[in-house]
Amino acid sequence: METIVLKFGGTSVGSISRIKKVAKLIKSYSKKYKVIVLSSAMSGTTNNLIKMSKDISSNFSFHEYDTLVSAGEQISCALLSGRLIEIGLNSRSWMAWQIPIITNGKHKFSRISHIGKKEIQKYLNTGGIPVIAGFQGINKNLRITTIGRGGSDSSAIMIAKFFNAKRCIIYTDVEGIYTTDPNKLKNAKKIKKISYEEILEMASLGSKVMQPNSIQDARLNRVNVEVKSSFVRKPGTLITKRKNIINNKIITGISTTDNDAKVSLLGVNDRPGIAASIFKPLSQNSINVDMVVQNISSNGKQTDLTFTIKLGDLQKTKKIISSNKKIIYKKMIFDKFVSKVSIIGVGMITTPGVTYRMFQALARKNINIQVISTSEIKISVLIKKDSLNKAIKSLHKEFNLDK
Ligand code: ADP
Ligand code: ASP
Ligand code: MG
């Protein structure tokens, strides 16, 4: 019998009735496959735990954060396993430390490096269905770790890799990967097949449907991933190699963010190394700088520097920059009401004029572009947050994604 990995996201196990439905779905697979189940916490649970950590301390210990926020998965796994037993199957829950799922890297953002196979394999051979906690791991110091928000996607893909599973199915609350977030644009269309490269860009640029690290893991290990709905039985989206896809569209998808902030430093004394001395302390504090633009002033001695960060990092960024003695500037300004909108597609490589069409479509709607960044298969622009819906709609139409 082949092995299959089924991962259920927060909404899919979000209530007792949902858990009962999911258990039935698992049962239907167990007749044909050895099934390994990965579960996320019930929706809302992880957010509540994070909120509690903030209420206890504004500087909550990273170690305790991971122990706390990984707790939601223990509840959902026990409930799901309990339901599988109730409907006549053989099942048990497994927390990451019991397997073990070994991680390395920083707390909150660890990565899975190894998974012990022995116990789970033995259990599978007895016909049991293991229900494994996503999102969590254990490090070499025997501390509980977590692997970033949305991380149970990664847990599932790494389990699929280590157990050589035929497929990893990510069950979620939408029918698959769409041309853009179907909860933001009702015209969004389900994509039948998408390449690792494209979904990696889409996920990294804000499409929450898959965690970006999980796609990297899938691509590296050539794991076949399918994304589908746990609510309706319809075909989903297959994530696969580029060469398996025939696509005549220039753009595959549109991604957006709604938690960015823009920081501008005006009248910075320009000298070699100035950008490094601004960005080094930010990176040392785990603040990720995304888009950057620098203008040279007319006298060539001063420069204006603009960059974007996550909104949640804004206070920390302000503090770090204003206490940095190495940089001299006239003024620091912020904008919390910005969004990044990106178009993604491998078709861009061979088609000239995509940038121009994007800019023109936005201009027609009177949307001003503040910052631009591009790579081989994507173009991102920063715009005012309240123009976001208009921008998605016009780009979706411009690149024929409605059809
Ligand atoms: P889960 O709890 O199952 O992991 P998530 O909330 O992490 O689910 O991801 C599913 C959500 O991702 C959808 O409800 C949808 O709003 C959002 N999403 C964003 N971009 C896309 C996209 N391009 N295709 C599908 N869903 C998307
Ligand atoms: N429960 C975790 C989170 O909310 C992991 C996940 O959902 O994948 O981030
Ligand atoms: Mg998710």
For the chain, the longest principal axis of the Cα atoms and the Cα long axis of helix 212-221 enclose an angle in degrees, to the nearest 10, of 60 degrees
Specify the angular offset, from 0 to 90 degrees and rounded to the nearest 10, of the alpha carbon long axis of helix 388-398 from the longest principal axis of the alpha carbons in the chain. 80 degrees
For a 21 Å ceiling on Cα separation, which of these pairs sit above it: LYS228/LYS397; LYS108/LYS326; LYS326/LYS384; LYS189/LYS310; LYS21/LYS193; LYS32/LYS122? LYS228/LYS397; LYS108/LYS326; LYS326/LYS384; LYS189/LYS310; LYS21/LYS193
Value of relative contact order over the stretch 271-393, rounded to a whole percent, pairs C-alpha under 8 Å and six or more apart: 22 percent
Calculated FRET efficiency for the pair ILE16/ASN324, C-beta based, R₀ 45 Å, to 0.05: 0.30
Would you give the gap between the C-alpha center of the stretch 1-56 and the C-alpha center of the stretch 114-139, rounded to a whole Å? 15 Å
Heads up, the stretch 136-179 by the C-alpha gyration tensor (a ≥ b ≥ c square roots of eigenvalues; a/c under 1.5 rounded, else a/b over b/c prolate, else oblate) looks oblate
In degrees rounded to 10, the 0-90 angle between helix 16-30 Cα long axis and the longest Cα principal axis of the chain is 70 degrees
Summing -39500 (n - 2.57) over every DSSP H run of at least 4 residues in the chain and dividing by its residue count gives a helix-only mean residue ellipticity at 222 nm, to the nearest 500 deg cm²/dmol, of -10000 deg cm²/dmol
Given the options GLY176, GLY236, GLY300, which has the most mean-square fluctuation in a GNM of the chain, springs set between C-alpha atoms less than 10 angstrom apart? GLY300
Nitroxide proxy distance, nm - points 7 Å out along Cα→Cβ at ASP55 and VAL293: 4.2 nm
Along the stretch 279-290, what does the Karplus equation 6.51 cos²θ - 1.76 cosθ + 1.60 (θ = phi - 60°) give for ³J(HN,Hα), rounded to whole Hz, x for Gly and Pro? 7, 4, x, 5, 5, 5, 9, 6, 9, 8, 8, 9
Subtracting the Cα-Cα distance of SER373 and TYR29 from 0.36 nm times their residue separation yields 119.4 nm
Between rounded, prolate and oblate, where does the stretch 7-102 land on the alpha carbon gyration tensor, with a ≥ b ≥ c its root eigenvalues, rounded for a/c under 1.5, else prolate if a/b exceeds b/c? prolate
Pull out the extension gain between ASN244 and PHE231, defined as 0.36 nm times the separation in residues minus the alpha carbon to alpha carbon distance; nm, one decimal. 1.9 nm
Using a Förster radius of 22 Å, what is the FRET efficiency between GLU119 and GLN74 based on their Cβ-Cβ separation? Nearest 0.05, please. 0.80
Sorted on mean Cβ neighbours within 10 Å (highest first), peptides 205-217, 364-376 come out as 205-217, 364-376
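Any read-out appearing in this document is the output of simple, stated calculations on the displayed coordinates, not a laboratory observation. Here the structure is a predicted model, which means the values were calculated and not measured. With ideal geometry, Cβ positions are generated from the backbone for all residues, glycine too; neighbour counts draw on all protein chains shown.
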